[in-house]
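Participant: Sharing a structure below in structure tokens format, with a few things to ask.
The values are calculated or read from the model by the stated rules, or taken from the named source; none is laboratory data. In this text the structure is predicted, and so the values were computed from the model without any measurement. Cβ coordinates were reconstructed from backbone atoms using ideal geometry, including for glycine residues, and neighbour counts include every protein chain displayed. Each accessible area value is taken on the protein alone, full model and side chains, heavy atoms only, with ligands, DNA and RNA left out. Shrake-Rupley method; radii C 1.70, N 1.55, O 1.52, S 1.80 Å.
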Amino acid sequence: MAFDPAEEIERFHAAINALDFSAIEGYFAEDATYVSNGVGSLSGRAEIMAAFRKYFDDYPDQTADNSLVENLTPLSGRAVWSLRATHSQTGKPLIREGEETITFDAEGRITRVEVTDYKDF
């Protein structure tokens, strides 16, 4: 069966929504990069996972939905998403909409995530 980036992105997002950090970590290649205007540029699985854990400490109630997930190449795809969350300390709501391009290696591990928020947050 051929690798389907869109299906893999859906599974990756399901792991994030479930806060399954073990599964999330397993998706990233050791030398992956994650670029977002929210967190800047992260390099390596350990740095990415530290940022994920901090983010979900701050926003443990996040709910996210994809409005579109599509293949771009045999090893990359794009998701258009929206999310809502509440900051655990301040109670301030967070509403974000954006898209991300995810690139995989031949083993199906994520090598790069590029997040674009449609509005500053």
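Participant: Only residues in the stretch 1-21 that are without any contact (Cβ under 8 Å) to a residue 60 or more places away in the chain count as the first member; pair them with residues that are part of a helix (DSSP H, G or I) and open to solvent by 60 Å² or more (accessible area, probe 1.4 Å), Cβ under 8 angstrom, at least 6 apart or cross-chain, and list the lot.
Facilitator: F21/R53
Participant: Take the conditions modelled with pLDDT of 95 or more and more than 22 Å from F3 (Cβ to Cβ) and apply them to S76. Does it pass?
Facilitator: no
Participant: Continuing with the same structure: Tell me, which strands (runs of 3 or more DSSP E) lie completely within the stretch 45-110 with 2 or more residues that are touching an Asp or Glu at 6+ places or on another chain (Cβ under 6 Å), of a type outside the set (D, E, K, R) and open to solvent by 30 Å² or more (accessible area, probe 1.4 Å)? Outline the logic, then answer.
Facilitator: Details: elements: 63-73, 76-86, 93-104.
It comes to 76-86.
Participant: Scanning the stretch 16-44 for residues that are polar (S, T, N, Q) and open to solvent by less than 40 Å² (accessible area, probe 1.4 Å), which turns out farthest from A64 (Cα to Cα)?
Facilitator: Result: T33.
Participant: Exactly one condition in (1) part of a helix (DSSP H, G or I); (2) over 18 Å from L68 (Cα atoms) is not met by H13; state its number.
Facilitator: (2)
Participant: Shifting gears a bit: Hey, among R96, R11, which residue is at pLDDT 95 or above and of a type outside the set (A, V, I, L, M)? Outline the logic, then answer.
Facilitator: Numbers: R96 fails: at pLDDT 95 or above.
Unique residue meeting the criteria: R11.
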